[in-house]
Structure formats: structure tokens, C-alpha cells
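The values are calculated or read from the model by the stated rules, or taken from the named source; none is laboratory data. None of the values given here were measured: they were computed from a predicted structure. Cβ placement follows ideal geometry from the backbone for every residue including glycine, while neighbour counts extend to all protein chains displayed.
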Amino acid sequence: MNGKSHNKPLVILVVGLPGAGKSFFAKRFSETFGAPVVSYDRIRFEINPEFEMSVEKEGAVHRLARYQIEELLKTKRSIIIDGGANTRADRLTLTQLAKKAQYNSLVIWVQTDVATCQQRALRRNPTRPDDRFNLSLSQEV
């Protein structure tokens, strides 16, 4: 997806339950259309490969992601945000940031049945906080 082919480039927010396939979708979309991905999970891993997260480290994840998003918005090319938009408040913040930069926003909700999400989450590393299945996170999706 070439951001130059639209009147306005897109900020694509990928949301869904843990284990729904958000990162898989974001990666494939990126490969197909050449749009960069801001991955909150990747930033978490880079900050702390052991995934021993704290309030301070989670704050750092959000600050680094925000910085990366703001820098990518300067390119006027479409971007994908994988994670960081689990609540309406998160999505509102990101869509307002996009609008201020003259972008349109698109929310893609990756819908997968709960049993499949739980099964996928259990197959992942159980020590990773984001990989534990947490339905309450998604009540606002």
C-alpha cells in the first residue's frame, strides 16, 4: 500500500484478542503493501527479552512506540500499529494523533473465536505477560 496513492495515508490499528492473529496479519499486510509496522510486542522484547515487565518498563514501551509512530507519520506513508490499541481510549489517542498528521485511520479487528485464542496463547511462552489470555483486555474491542 503506497501512501502516495491515496489522498491521505492510513494509520492502520490492528486489534483483537491475544492469540487472534494480529501480528500475523500485520506482518503479511506489511509484506504485501510495504507499510512499516510499529509492534508493541517487539518493543517489549527489545526492552526486556525475559518479559519481566513493570509499570516503568511498560511506560517505556508506550513512549518508544509513540516516538516511532510520530517519526513514521512524518513520512506521509501508511503505517500499521500492531498492539497498543486495546481500549477505546488507546484508539482515540492514536486516531487523534493520526488526524493531526493529516492521516486517515482504519481499525482492523482480527476476530478469532475465544477457544482458538486461548489455545494459541497457551502454546506461547507462559512467562510473557502479553501471551497470557486475558479476556478482560478485550471487552472494549
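Taking residues in segment 42-62 that are in contact (Cβ under 8 Å) with a residue 40 or more places away in the chain, and partners anywhere that are aromatic (Phe, Trp, Tyr), the pairs with Cβ atoms closer than 7 Å and at least 6 places apart or on different chains are Arg44/Phe51.
Among the residues of segment 55-106, those identified as surrounded by 17 or more Cβ atoms within 10 Å (Cβ to Cβ) and of a type in the set (Lys, Arg) are Arg77, Arg91. All of Leu17, Leu10, Leu72 fail the test of being in contact with a Cys (Cβ under 9 Å, 6 or more places away or on another chain) and aliphatic (A, V, I, L, M), apart from Leu17.
Being modelled with pLDDT of 90 or more and either farther than 18 Å from Gly16 by Cβ or under 15 Å from the mean Cα position of the chain (by Cα) (or both) narrows it down to one residue among Thr112, Thr93; which is it? Reasoning before the result, please.
Details: Thr112 fails: either farther than 18 Å from Gly16 by Cβ or under 15 Å from the mean Cα position of the chain (by Cα) (or both).
Checking each option against the conditions leaves just Thr93.
Out of Ala65, Ala98, I need the residue that is modelled with pLDDT of 95 or more, of a type in the set (A, V, I, L, M) and in contact with a helix residue (DSSP H, G or I) (Cβ under 6 Å, 6 or more places away or on another chain). Which one? It would help to see each step written out before you state the result.
Numbers: Ala98 fails: in contact with a helix residue (DSSP H, G or I) (Cβ under 6 Å, 6 or more places away or on another chain).
Ala65 is the lone residue from the list that is modelled with pLDDT of 95 or more, of a type in the set (A, V, I, L, M) and in contact with a helix residue (DSSP H, G or I) (Cβ under 6 Å, 6 or more places away or on another chain).
Using the structure shown, decide if Phe133 is over 19 Å from Phe25 (Cβ atoms), surrounded by 14 or more Cβ atoms within 10 Å (Cβ to Cβ) and modelled with pLDDT under 90. No; evaluated as a whole, the condition is false for this residue.
The residue pairs whose first member lies in segment 112-126 and is among the basic types (Lys, Arg) and surrounded by 13 or more Cβ atoms within 10 Å (Cβ to Cβ), whose second member is part of a loop (DSSP other than H, G, I, E, B) and modelled with pLDDT under 90, and whose beta carbons are closer than 7 Å, counting only pairs six or more residues apart or on different chains, are Arg120/Gly19.
One residue stands out in segment 28-44 among those that are within 18 Å of Arg124 (Cα to Cα) and of a type in the set (D, E, K, R): the one that is modelled with the highest pLDDT, namely Arg42.
In the set (1) more than 15 Å from the chain's Cα centre (by Cα); (2) of a type in the set (Phe, Trp, Tyr); (3) at pLDDT 90 or above, the condition left unmet by Phe51 is number (3). Of the conditions (1) within 21 Å of Leu17 (Cα to Cα); (2) over 13 Å from the mean Cα position of the chain (by Cα); (3) hydrophobic (A, V, I, L, M, F, W, C), Leu72 satisfies every one except a single condition; which number is it? Condition not satisfied by Leu72: (1).
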